[in-house]
Amino acid sequence: MDVDDTDLMLLLSEQRRELTAAISADSDLDFAFQLQMQEAINISSTSHPSSSSSSHPPPLLFPEVTQSPSNLASLLAEQIDDFSRQIHDRKLVEAENRTMQENLNRLIHDQVFARQVLNMPEHEWKENGDWFEKPYGLVPESNEEVFRVYCKGLVTEEETVASGGKMLFGGIGVAICDACDCCVFELGKAVVVDGGDVVEVKALIEALTVAVDLGLKRVHVFCDTNVVYQYLTGKGQPTANKTMALVDQLNLLQRKFAYCGPFLVTQNNIKFAYKLARDAIKSEATKFAQRISGRTLLERCIICFESIYSGQMFSVDKCLHRYCFSCMRKHVEAKLLHGKLPECPHENCKSNLEIESCKKFLNPELYDIMSLRVKEASIPVTDKVYCPFSNCSFLMSKTELQERSYASSSTAARGSGRRNCVKCYRYFCMNCNVPWHENYTCSDYVKCFPYRSASEAKLKSLATRNRWRECTICKNMVELASGCYHISCRCGYEFCYTCGAQWINKKPTCRCPIWDEANIIHRGQNRR
């Protein structure tokens, strides 16, 4: 069910009142508790007088009544206020966009009217000129005006005294003009430096987005970079994943216009946009210098683009890229849940995150998971062994178990493969990874007990029915949803999904088909 902004604001107001009442009740209860405890202490002091010469009752051992409300209530109140501010800000932006579009429509109307007056024959003007009019808003306007869109993405080195050298800064500029080249909209802002071509494409996307928001239907787009012009005309194909995503977004924006004509021009012909991008870079360089010199405590996270206090920014130890705690927590959590060790989120940066430094933003549960991932990464795939008991499953190293066995067991015990878990101390067979099978060899045990439990038998039956494949190294079960038959397990082992044969150096060791067309082409794709 959709809820309009008025109902949403009423709901937020009601929640704020309930929170205030709850906090007040909590404070009243604390006050009553303090009075009761004070009275009990006074009675106890009267019944059992102290040998001390002081007649004053002992001081309270509990916090004062004036303590602040609970952290949870304060956090909820802050979230409600923040949400209210977001709704208010969105309304302001929407109102500003409506005003800009209204002004633009008036400009289009006046230009059309001016052309009609100029093209009117002299004899007709003498007869009807005094009564010729075209009031705005009485007749729907047909927007046939072709507007000119200028865009420029710029990456330059700026001298920063605070850093003791030059640094790269990026900025984009957008200028939209009418047919007479009179500017009706301009925008300049700083962007993250991701390479010259990427910044240029970002500037083009920003320009077309503004044109769509203004309701323009017919535009001429001017740029001074051949690569971007090739993307705009569909003749160039990017190779980097990030650029490909941006070009896809560019193609979607172009379809929203009735006409979108690209033009490749010299830099002098886009001087409006170039100046806006240059001014944005200078402004960002100034802010950076102020931030380094300590004149401001705010930094901008380049993932969420929020202004964050410097104390809430995390700096990667090796590469010194900086992000806010919230974004880093989400990034690390996503990587850990996919069974991977997190790296610096900056594109193409391979700096590993030190687990001790991540304590600043990780909760205890995520910290334990990351510790396990670090341990898993430190043990080679063929050397990993897990405790077979389901309520333990502790990760160990075969080499470590072998060394412990040599130190404490007999020669016969070492040869049998019997080991005890480092954590739960129960015995298991390291060779076949099952609880220890006394008086059975590994092969005899597997024949007599092919499944360790009823649930494992059900899993194997389900895997056979659904054609799942088990990794021979880590025993992880894999299901092919789409794609080719080359499987890269999370443990690092690569194999064929059809027969299980190993892949070596990205090449199969079997002769099975590498893919099935039904798995490559999406079933929901429209056929032409």
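The values are calculated or read from the model by the stated rules, or taken from the named source; none is laboratory data. Values in this document were obtained by computation on a predicted structure and should not be read as measured data. A quick note on method: Cβ atoms are made from the backbone with ideal geometry, for glycine too, and the neighbour counts reach across all protein chains shown.
Residue-wise test of (1) more than 27 Å from Ser488 (Cα to Cα); (2) within 17 Å of the chain's Cα centre (by Cα); (3) not in a loop (DSSP other than H, G, I, E, B).
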position	(1), (2), (3)
Ser326	yes, yes, yes
Ala334	no, yes, yes
Pro345	no, yes, no
Lys350	no, no, no
Ile355	no, no, no
For region 388-407, state whether one or more residues are in contact with a Gly (Cβ under 6 Å, 6 or more places away or on another chain) and at pLDDT below 85.
-> no
Determine, yes or no, whether Cys358 is in contact (Cβ under 8 Å) with a residue 24 or more places away in the chain, within 30 Å of Lys475 (Cβ to Cβ) and surrounded by 15 or more Cβ atoms within 10 Å (Cβ to Cβ).
-> yes
Please work out if Lys458 is among the basic types (Lys, Arg) and either assigned by TED's automatic domain parsing to the domain that holds Tyr493 or modelled with pLDDT under 80 (or both).
-> yes
Taking region 188-231 on its own, how many of its residues are more than 19 Å from Thr156 (Cβ to Cβ) and assigned to a helix (DSSP H, G or I)?
-> 12
Pick from Ile303, Ile281: which is in contact (Cβ under 8 Å) with a residue 60 or more places away in the chain, β-branched (Val, Ile, Thr) and surrounded by 12 or more Cβ atoms within 10 Å (Cβ to Cβ)?
-> Ile281
Report, ordered by the first and then the second residue, all pairs with beta carbons closer than 6 Å, sequence separation of six or more or different chains, a first member in region 460-489 that is on the phi > 0 side of the Ramachandran plot and without any contact (Cβ under 8 Å) to a residue 24 or more places away in the chain, and a second member that is assigned to a helix (DSSP H, G or I) and of a type in the set (S, T, N, Q).
-> none
Scanning for something more than 30 Å from the chain's Cα centre (by Cα) and surrounded by fewer than 20 Cβ atoms within 10 Å (Cβ to Cβ), does region 233-243 turn up at least one residue?
-> yes
Inside region 140-194, can you point out the residues that are among the basic types (Lys, Arg) and at pLDDT below 85?
-> Lys166
Could you grab me the full set of residues in region 232-265 that are among the basic types (Lys, Arg) and without any contact (Cβ under 8 Å) to a residue 12 or more places away in the chain?
-> Lys235, Arg255
For region 316-334, enumerate the residues that are among the charged types (D, E, K, R) and either surrounded by fewer than 17 Cβ atoms within 10 Å (Cβ to Cβ) or assigned by TED's automatic domain parsing to the domain that holds Val193 (or both).
-> Asp317, Lys318, Lys330
Cβ-Cβ under 6 Å pairs, at least 6 apart or on other chains, region 382-407 side touching a residue at least 60 places away in the same chain (Cβ under 8 Å), far side surrounded by fewer than 16 Cβ atoms within 10 Å (Cβ to Cβ) and among the polar types (S, T, N, Q) | Pro388/Asn433
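Here's the yes/no breakdown for (1) more than 25 Å from Asn391 (Cβ to Cβ); (2) aromatic (Phe, Trp, Tyr); (3) at pLDDT 80 or above:
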site: Pro450; (1), (2), (3): no, no, no
site: Lys475; (1), (2), (3): no, no, no
site: Ala481; (1), (2), (3): yes, no, no
site: Tyr493; (1), (2), (3): yes, yes, yes
site: Cys496; (1), (2), (3): yes, no, yes
site: Cys499; (1), (2), (3): yes, no, yes
site: Gln502; (1), (2), (3): yes, no, yes
site: Arg511; (1), (2), (3): yes, no, yes
Regarding Met120, is this residue surrounded by 13 or more Cβ atoms within 10 Å (Cβ to Cβ) and modelled with pLDDT of 75 or more?
-> yes
Criterion (modelled with pLDDT under 85, among the hydrophobic types (A, V, I, L, M, F, W, C) and under 25 Å from Thr286 (Cα atoms)) met by exactly one of Leu298, Leu337, Leu372 | Leu298
Quick one: in region 513-528, of everything that is outside any loop (DSSP other than H, G, I, E, B) and not charged (D, E, K, R), which residue is modelled with the highest pLDDT?
-> Ala518
